[in-house]
Amino acid sequence: MANWTTLRENLERKGYRVQHFATGEQAAMYLNGQIDGATVGFGGSLTLHQMHLFPLLAAHNPVFCHDETPAGMTVMQTRTAAARAEVYLSSVNGISETGEIVNIDHTGNRVAAISYGPARVYLVVGANKVAPTLAAAIDRARNIAAPRNAQRLHRKTPCAIQADKCYDCQSSERICRNLSILWEKPAGAAYEVVLLDEALGY
């Protein structure tokens, strides 16, 4: 079970704002109230989809998500627009109680946008994403989140067969190509970590 007090204190010490909710639904209502009239980018995230955030925010914001590619735009154009939005939302693949945030990407659009560009970044973290140490958070991202996402995306990789662990494969369909660790809050933008008691995403 996550030590929320320790995690929150460490994240705030590193410069993040932190909110904590019991459910994804409560967090979605909060984010919907915080973001209005701004361009919004979504990182690829099962967590955000499970929260039904896209239709909520799209009702009063221009929203860019490559899983919901607008008519007349390519997936790449949508990813670029998302990364250049005023507000960016994503989940994480792992977070340590010591406050480090870990993500693994395929194209790198999500880790790039989280690291630099948008004026505001919101990172939504389900209880299942929390690990006690940085090493454990990396292990979680690599051996739990990545294989399950590969399976969900129907990739032809060794890890997708049973979604059990990373095989460090050389497959052309490998999704774990880019590892990002935020040791501290990146400078120059406002970052908020939204913690959930609920387990969402991988």
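The values are calculated or read from the model by the stated rules, or taken from the named source; none is laboratory data. The structure displayed is predicted, hence computed values, not measured ones. Every residue, glycine as well, gets a Cβ built from its backbone with ideal geometry; the counts of neighbours run over all protein chains shown. In case anyone asks, the SASA skips ligands and DNA or RNA and just uses the protein heavy atoms, side chains included. Shrake-Rupley method; radii C 1.70, N 1.55, O 1.52, S 1.80 Å.
A few comments on the model shown:
- Single residue of segment 165-189 satisfying the filter (assigned to a loop (DSSP other than H, G, I, E, B) and touching a helix residue (DSSP H, G or I) at 6+ places or on another chain (Cβ under 6 Å)) that is surrounded by the most Cβ atoms within 10 Å (Cβ to Cβ): C176
- Taking the criterion of being touching a residue at least 60 places away in the same chain (Cβ under 8 Å) and either outside any helix (DSSP H, G or I) or in contact with a helix residue (DSSP H, G or I) (Cβ under 6 Å, 6 or more places away or on another chain) (or both), the residues of segment 39-49 that qualify are G41, G43, G44, S45.
- Any hit, segment 110-117, residues being among the basic types (K, R) and buried (at least 20 other Cβ atoms within 10 Å of the Cβ): yes
- Out of A22, A28, A59, sole residue that is among the small types (G, A, S), open to solvent by 40 Å² or more (accessible area, probe 1.4 Å), farther than 21 Å from G99 by Cβ and free of Cβ contacts under 8 Å to residues at least 60 places away in the same chain: A59
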